[in-house]
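Notes follow once the structure below has been shown.
The values are calculated or read from the model by the stated rules, or taken from the named source; none is laboratory data. On a predicted model such as this, the values are computed, not experimentally measured, just so you know. Counting neighbours? That spans all protein chains shown, and the Cβs are built from the backbone with ideal geometry, glycine included.
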Amino acid sequence: MKVRRIISIAALTLAGLIALAVLAVWLLAGASPSAYRPVQLSLDQRRGAAREFFYTRILGEFNDKVQLNDPFAWTISQDEINAWLASMPEIAQIIPGGDPGRVYDAMEAAGIGEPAAAIAPGRLTLMARQKDYNKIVSLDLSLSTGPDGRLNVKLLGTRVGVVDVPDSVFHSRLENIKSQMKGIARTDAQTGRDAEPQQGLSGGHIGRTLAALIAAIDEEPIDTEIRWPLGQQKYFRVQSIEFGEGKITFRVQPTRRPGQTR
């Protein structure tokens, strides 16, 4: 009788500990990572961030460097990226050929919202709120270029809240997101959404580049040579990507002489 009582108490204790562990994991999974700080902007602020991104950083600073046809470095900060993520529909609205609806549709299809990014040495962390369970999902990525100049995008780890989870848990969700991005890139290429020579840089150029990066996670390395559509036709390649504390630096190398097609 005494042995049975001891076994019963032990079983109840074990069940209680398991229940507490499950509760702890659930609470941790529901906690927001300290790095998750999506930017909340008013409509005017989002429009301002969109103008800063497209007119100042892309058409101004980046284009000026490209036109020199010399190697250069271009740095963007974590704060800038998060402001741009919060302003994606407004950015799409001002870019020729951009479609704000496609931004919403892609995120809706993937079941995510309120995206944010965190940058640390050697790592880019993309985070978003998973709408079905109202939890924060994080993907740690590395981006590196090989000797041939091709870009490798690798998944380093995944989390729900602050709990590390096996990559396999998010495999189907990640494949769904990648499928959405591949579809965007494929559709733009087939319909020629960026074939607007009078407009110069279009939504198709930027959208297809971003979609290709996401679709390349744990896939074959991708070519980083880009044909720049503004000014005299130029080609360049992202030679390396450096992750610092709160910033990314792209080192860019011209690959062809002006006007050379191959």
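Does the stretch 120-138 hold any residues that are closer than 28 Å to Asp223 by Cα and either of a type in the set (Ser, Thr, Tyr) or buried (at least 20 other Cβ atoms within 10 Å of the Cβ) (or both), and which are they?
Of the stretch 120-138, the ones closer than 28 Å to Asp223 by Cα are 120-128, 138.
Leu124, Thr125, Met127, Ala128, Ser138, listed by residue number.
Can you tell me which residues in the stretch 216-237 are outside any loop (DSSP other than H, G, I, E, B), surrounded by fewer than 18 Cβ atoms within 10 Å (Cβ to Cβ) and more than 17 Å from the chain's Cα centre (by Cα)?
Those that are outside any loop (DSSP other than H, G, I, E, B), surrounded by fewer than 18 Cβ atoms within 10 Å (Cβ to Cβ) and more than 17 Å from the chain's Cα centre (by Cα): Asp223, Glu225, Ile226, Arg227.
Of (1) surrounded by 15 or more Cβ atoms within 10 Å (Cβ to Cβ); (2) modelled with pLDDT of 80 or more, Val162 satisfies all except one. Which?
(2)
Does Leu210 meet the test of being part of a loop (DSSP other than H, G, I, E, B) and modelled with pLDDT of 55 or more?
On the way: part of a loop (DSSP other than H, G, I, E, B): no; modelled with pLDDT of 55 or more: yes.
In short, no.
Looking at (1) of a type outside the set (Gly, Ala, Ser); (2) at pLDDT 90 or above; (3) surrounded by 14 or more Cβ atoms within 10 Å (Cβ to Cβ), which is the only condition Pro33 fails?
The one condition Pro33 does not meet is (2).
Taking only pairs six or more apart or across chains, which ones have beta-carbon atoms under 8 Å, a first residue in the stretch 77-97 that is more than 19 Å from Leu43 (Cβ to Cβ) and surrounded by fewer than 22 Cβ atoms within 10 Å (Cβ to Cβ), and a second residue that is charged (D, E, K, R) and at pLDDT below 85?
Pro96/Glu196; Gly97/Arg193; Gly97/Asp194; Gly97/Glu196
Residue check: is Ile217 in contact with a Leu (Cβ under 7 Å, 6 or more places away or on another chain) and either under 25 Å from Pro96 (Cα atoms) or at pLDDT 70 or above (or both)?
Working: in contact with a Leu (Cβ under 7 Å, 6 or more places away or on another chain): yes; either under 25 Å from Pro96 (Cα atoms) or at pLDDT 70 or above (or both): yes.
Against the criterion (in contact with a Leu (Cβ under 7 Å, 6 or more places away or on another chain) and either under 25 Å from Pro96 (Cα atoms) or at pLDDT 70 or above (or both)), Ile217 qualifies.
Check off (1) in contact with a helix residue (DSSP H, G or I) (Cβ under 9 Å, 6 or more places away or on another chain); (2) modelled with pLDDT under 80 for Gln40 and give me the number that stays unchecked.
(2)
Residue by residue through the stretch 43-79, note down the ones that are within 22 Å of Thr255 (Cα to Cα) and touching a helix residue (DSSP H, G or I) at 6+ places or on another chain (Cβ under 7 Å).
Phe72, Trp74
Report yes if Pro100 is modelled with pLDDT of 85 or more and surrounded by fewer than 17 Cβ atoms within 10 Å (Cβ to Cβ), otherwise no.
For Pro100, the condition - modelled with pLDDT of 85 or more and surrounded by fewer than 17 Cβ atoms within 10 Å (Cβ to Cβ) - is not met.
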